[in-house]
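Since the structure comes first, as structure tokens, the remarks are kept for the end.
The values are calculated or read from the model by the stated rules, or taken from the named source; none is laboratory data. Quantities reported herein were computed from a predicted structural model and do not represent experimental measurements. Glycine gets a Cβ as well: all are built from the backbone with ideal geometry, and neighbour counts include every protein chain shown.
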Amino acid sequence: MSVAPATLARPAPVAGRRFSFRGAVEREWVFSWLMLVPGVLFLLAFVAYPFFYGIYLSLQDRPVASAGHFVGLANFVALARDRVFWQVNTNTFIYTLVTTVLKLVGGMAMALVMNQQFRGKNLARAFLLLPFIVPTALSTIAWMWLLDPTFSVVNWVLLHAGAITSGFSWLGNATLAMVSIIVVNTWRGMPFYGITLLAGLQTISPDLYEAAAIDGASLRQRFWHVTLPVMKPVLIIVTMFSVIFTFSDFQLIYVLTHGGPANATHVFATYAFDIGMSGGQLGLGAAVALAMLPALAVVIVLLTFYLRRE
Amino acid sequence: MVGGRGLGTRTLRLYLPLAFFVVAMLFPFYWMLITSIKPNRELYNARIMPLIVHQPTLKHYVDLLSQTNFLTWTYNTMLVAVVTTAVSLVLGTMMAYPLARMRFPGAAVVAIGVAATYLVPQPLLFIPMSDIINRLELGNTLKAVMLTYPTLLIPFSAWLLMGYFKSVPRELEEAARIDGASRLQAMLRVVLPLCTPGLLSAGIFSFTLAQNEFLYALIFLAKSDVRTVPIGAITELIRGDVFYWGQLMAAALLGSVPVAIIYSFFVEHYVAGLTAGSVKT
């Protein structure tokens, strides 16, 4: 009884000789594209266009306030001869590699600790995520003061514990400045790993662990042979996300060290900013930013297809 | 598991590492707080024990609110975050809905495009973007950041929402259409209400991302009265070599409060949004 009137209620497609606006909009592809158009146009105008315009700029000698002229690959040749640029490469890779390992190991440890039963777990989780949600520039200001050359509380504690005899210049020494940005990035990013991996851990069925325990697997074996294999997709996605945004990090380093001392902590984004914005050489700056692309593209393409497959 | 040994293992496996993580993650915020209420004579005296406040004062807060544009910066930050979140949520929903639930030519290309734009980091685009904003004569206006933040937030919201939209059974929508609802009505009255948690997650996440944005605001907002909190603090409370530490910490703390409050109310949704992209539910 309920079927017959239901099919009669929509005669439009059958009788559709006459064009009706509503009939057209109800067609799946018309409706879909009507919904998509504003977003697609926006992304074309403000992501795709700037991207290709950036490539165009990188082939120009273009001071900020005047017209540019085409110089071919001259900007890239200049960068290849620029010692600072090669240092930027090294810095970025060290920064990305070390922080990723630290965040992955630390985040996994955090997730394993949090995956136990205890009271106040939700509260603990909320607190642990704070570094990740507070605006980075603001929390980095706190770290600047923690690492201040004269009034660093880290130095104060180390001095009073008798571990050192004079305070470190955390942000003034090339090696220590790199250590500092790595520590702060790890501090900020580890909760992202920790909480995401925790969600992954919670999807693992307890039966798997029980079965492994019955087979006589030790805790360590259970971790390597049950936890890690099940977590593999989550680990891959979280790590690739984090690599993309660490590799292209700007604000943490800009606020904490400005790329100094003597370029020791400059990464692609801060160096591109210095040349393109502070120095007003848009073409060369765009070239520095584009130098990120090969490494970034590999990760982005892998991740895009991995996400699509999932 | 009974008695001292159980407690011993639990201390070793749970309480000690948990305490370590909590202290490590929260110490910088503690430091923000106590620095902001220390008088200068305590701040700049290396002989006084720095871990606690001896004579708390609200002077830095008063100075921050009366001598700087902090309230304007806060207003700007909130206005931009709310507008961009709303725009991104609407456009993100409009993109995610057909991508998640409809079959049409071009769907695969658009889906890959959304994923790719989501993953393109800002530093790849900011130099050409600065030139575009200049040509549009939008420098030093909040419109500049309102136009550019959604480049991050739309793909993010769309990506997050696609997962939620896919989870609503097609039969519900079909039933509504059989009852005479148009596609738009079925979406607005049937599917979207069922996806409220997803919309909340996307909204909260976008809001925190908008508050966190730094690079575009730094480039486009060079005048004090259009600045956002992070940019105002970095550029006006640090002048050359002079750091107004007390005011800086007060600004950092107050600037974090709106995000922290919203986050504390919706922490579950935030975590759901965080994990939706990487963990299949």
(request) Go through the stretch A:140-161 residue by residue and tally those that are touching a Ser or Thr at 6+ places or on another chain (Cβ under 9 Å), facing another protein chain (nearest Cβ under 7 Å) and more than 27 Å from B:VAL271 (Cβ to Cβ). (result) 2
(request) Go through the stretch A:132-173 and give me each residue that's over 22 Å from B:PHE243 (Cβ atoms) and touching a residue at least 12 places away in the same chain (Cβ under 8 Å). (result) A:PHE132
(request) For B:ALA81, work out the one condition from (1) touching a Leu at 6+ places or on another chain (Cβ under 6 Å); (2) at pLDDT 95 or above it doesn't fulfil. (result) (1)
(request) Working only within the stretch B:3-53, note down all residues that are closer than 20 Å to B:PHE243 by Cβ, over 26 Å from the mean Cα position of the chain (by Cα), more than 8 Å from every other protein chain (Cβ to nearest Cβ) and in a helix (DSSP H, G or I). (result) B:ASN40, B:ARG41, B:GLU42
(request) Mind telling me which of the residues A:VAL230, A:VAL288, A:VAL267 ends up being at pLDDT below 90 and of a type outside the set (Phe, Trp, Tyr)? (result) A:VAL230
(request) Output the helices (runs of 4 or more DSSP H) that fall wholly within the stretch B:136-235 and possess 1 or more residues being surrounded by fewer than 20 Cβ atoms within 10 Å (Cβ to Cβ), or say none. (result) B:142-148, B:150-166, B:170-178, B:183-186, B:196-212
(request) Go through (1) buried (at least 18 other Cβ atoms within 10 Å of the Cβ); (2) more than 10 Å from every other protein chain (Cβ to nearest Cβ); (3) under 30 Å from B:THR35 (Cβ atoms) and name the single condition B:ALA251 misses. (result) (2)
(request) Mind listing whichever residues of the stretch B:113-129 are facing another protein chain (nearest Cβ under 7 Å), under 20 Å from A:LEU59 (Cα atoms) and in a helix (DSSP H, G or I)? (result) B:PRO123, B:LEU124, B:ILE127, B:PRO128, B:MET129
(request) Note down all Cβ pairs under 6 Å where the first residue falls in the stretch A:37-61 and is more than 7 Å from chain B (Cβ to nearest Cβ) and part of a helix (DSSP H, G or I), the second is among the hydrophobic types (A, V, I, L, M, F, W, C) and crowded, with 16+ Cβ neighbours inside 10 Å, and they're at least six residues apart or on different chains. (result) A:SER58/A:ALA286; A:SER58/A:ALA287; A:SER58/A:LEU290
(message) Please pick out the residue among A:ALA174, A:ALA137, A:ALA124, A:ALA111 that is facing another protein chain (nearest Cβ under 9 Å), modelled with pLDDT of 90 or more and surrounded by fewer than 23 Cβ atoms within 10 Å (Cβ to Cβ).
(response) A:ALA124
(request) Would you be able to say whether some residue in the stretch A:141-163 is assigned to a helix (DSSP H, G or I), under 21 Å from the mean Cα position of the chain (by Cα) and at pLDDT 90 or above? (result) yes
(request) State all residues of the stretch A:160-179 that are over 24 Å from B:MET49 (Cα atoms) and aliphatic (A, V, I, L, M); if no residue qualifies, say none. (result) A:ALA174, A:LEU176, A:ALA177, A:MET178, A:VAL179
(message) Residues that are aromatic (Phe, Trp, Tyr) and within 10 Å of another protein chain (Cβ to nearest Cβ): list the helices (runs of 4 or more DSSP H) wholly contained in the stretch A:226-310 that include at least 1 such residues.
(response) A:228-247, A:251-256, A:268-273, A:293-309
(request) Kindly establish whether B:ALA202 is in contact with a Pro (Cβ under 8 Å, 6 or more places away or on another chain) and touching a residue at least 60 places away in the same chain (Cβ under 8 Å). (result) no
